[in-house]
1. Taking Y120 as the residue in question, decide whether it is within 25 Å of P252 (Cα to Cα), of a type in the set (S, T, Y) and modelled with pLDDT of 95 or more.
2. Just to check your reading of the model, which residue among R258, R315, R305 is surrounded by 14 or more Cβ atoms within 10 Å (Cβ to Cβ), in contact with a helix residue (DSSP H, G or I) (Cβ under 7 Å, 6 or more places away or on another chain), within 22 Å of Q206 (Cα to Cα) and at pLDDT below 95?
3. Within the stretch 236-250, identify whether any single residue is farther than 25 Å from E303 by Cα, out of contact with any helix residue (DSSP H, G or I) (no Cβ under 7 Å at 6 or more places or on another chain), of a type outside the set (G, A, S) and surrounded by fewer than 13 Cβ atoms within 10 Å (Cβ to Cβ), and answer yes or no.
4. Any idea which residue in the stretch 8-32 is farthest from K106 (Cα to Cα), counting only those that are surrounded by fewer than 22 Cβ atoms within 10 Å (Cβ to Cβ) and touching a Gly at 6+ places or on another chain (Cβ under 9 Å)?
5. Name, by its number, the condition in (1) part of a loop (DSSP other than H, G, I, E, B); (2) in contact with a strand residue (DSSP E or B) (Cβ under 9 Å, 6 or more places away or on another chain); (3) more than 27 Å from T228 (Cβ to Cβ) that does not hold for F71.
6. Looking only at the stretch 247-274, which residues are under 24 Å from V289 (Cα atoms) and touching a residue at least 40 places away in the same chain (Cβ under 8 Å)?
7. Can you tell me which of (1) surrounded by 19 or more Cβ atoms within 10 Å (Cβ to Cβ); (2) on the phi > 0 side of the Ramachandran plot is the one R59 doesn't meet?
8. Give just the number: which of (1) surrounded by 16 or more Cβ atoms within 10 Å (Cβ to Cβ); (2) more than 20 Å from H205 (Cβ to Cβ); (3) of a type in the set (F, W, Y) does F92 not satisfy?
Amino acid sequence: MPGQPSAEVQQLSVIVLTGANRASAQQTLEDIAQQTIREKIQLVVVDFAPLDVADLDTRGLRCAYLRHPEFRSLARGKAAGIRASHSGIVAFIENHCRPSPEWAEKVLAAFSGPWTAIGYAFVNGSPDSYRSRAALLADYAPWAYPVNSGECRHMPGNNIAYRKEFLDSLEPDLGRIFGVDFNVHEILLERGGKMYVEAEAIAAHQCFESWIEVFAANFAYVRVLAATRARNQAWRTPKRVVAALAALVLVPPLRFWRLLRTLPGRKGMAARLAASLPVLLPAYYVCAVAESAGYAFGGGDAEERLLYWELDRVRESTASTPAAGVV
C-alpha cells in the first residue's frame, strides 16, 4: 500500500492550476521560488487561460508549463498536472494561496512518516477584517492556524500533498474523480492509507470579499463533491434520494461536531469560532443544500462555476507571505 516511508522521496512537484486571476497566481509562483528547498522543487503550472494570454513568469524554477484552455473542470487540470510531475511527492497549492518560505521543506519532511497525504495549516491571506477572518474559517476552520499536527481522517481540498505512487494508482480515472479531494480521500482511507496535518506547513489563503461569494463558492464545491461521489460509486436512484434528504438534516451538525473536535490545544480558536458563527452556520446550511442537490440532481453547471470561483475570481491579498511560527 502506498504510504510507507521511503528514503528515495527527496523531491517535490508543486502543482498550481491557474486561469484569469493572473496577479494572484504570479504571487504564488514568486513565493514558490523563495522556498528554502527551491533546488528540490519541480513546478508544474496548468494554465486554463486562453492561448493569447502570456505565460506566467516561473522565476527560473524547473518547470513543466501546460496550456489547456479547453479544460472545463478542475479534475482534468489536476490529472494533467499529476501526469507531468516527476517527483515522489506531489503538492497542490491554489493560485490564491501563498506558502511560507518553509512550507515546501515542512511538507517534504513530513513524508518521512507513514503518510499518504499531508495537509497544511492556513492563515488569513487577505487584509485583516472580520469579513476575511470569518471567510477563512468558513472554508478552513479545522485546519486554520494554530492547528495540531497529527493523523486525521478529514482534510481540506485543493491545498494538499500526496505520494505520487498513490495518485498513479488511480489511473486511468484521475480526470474523472479528482474534482474534489474528498472523493480521493475516501479511496485513500479504504485502501489503508493515512493522512496527516503538518502544523508548520503554513499557507496564507486569500478570501472572498462578500458572504455571497463565500456561499456561492461553497455551493459549487460541495455540489461537485456530491455529484462526483454518487457517480463514481454508481449510486442508484433510491440511495441518491435518501442521501439527499439525509444531507439536509445531518450535514450542518456533523460539520460543526467535526470542527469542535479539533479545538483542544488550539489557543484562541474557540473565541474566533464563536465570533464567526454568523457566517459559519449559514455556510454549513448552504453546503447541506448543495450536497443534497448534488446527490439528487447531479452536478449541473457546478464544475464550470467552481472553475470561475477557484481560478478566475480576483481576491484581495496581503502584501507578504506568512512567517514561520505565526501566532
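The values are calculated or read from the model by the stated rules, or taken from the named source; none is laboratory data. This is a predicted model, so every value here is computed, not measured. Cβ placement follows ideal geometry from the backbone for every residue including glycine, while neighbour counts extend to all protein chains displayed.
1. Details: within 25 Å of P252 (Cα to Cα): yes; of a type in the set (S, T, Y): yes; modelled with pLDDT of 95 or more: yes.
For Y120, the condition - within 25 Å of P252 (Cα to Cα), of a type in the set (S, T, Y) and modelled with pLDDT of 95 or more - is met.
2. On the way: R258 fails: within 22 Å of Q206 (Cα to Cα); R305 fails: at pLDDT below 95.
Only one candidate qualifies: R315.
3. Here is the first cut: in the stretch 236-250, the residues farther than 25 Å from E303 by Cα are none.
The answer is no; no qualifying residue exists.
4. E8
5. Only one criterion in (1) part of a loop (DSSP other than H, G, I, E, B); (2) in contact with a strand residue (DSSP E or B) (Cβ under 9 Å, 6 or more places away or on another chain); (3) more than 27 Å from T228 (Cβ to Cβ) is unmet by F71, namely (3).
6. Restricting attention to the stretch 247-274, the residues satisfying the condition of being under 24 Å from V289 (Cα atoms) are 247-261, 273-274.
Hits for the stretch 247-274 are A247, L248, V251, R258, L259, L273.
7. With respect to (1) surrounded by 19 or more Cβ atoms within 10 Å (Cβ to Cβ); (2) on the phi > 0 side of the Ramachandran plot, R59 is out only on (1).
8. If we test F92 against (1) surrounded by 16 or more Cβ atoms within 10 Å (Cβ to Cβ); (2) more than 20 Å from H205 (Cβ to Cβ); (3) of a type in the set (F, W, Y), just (2) comes out false.
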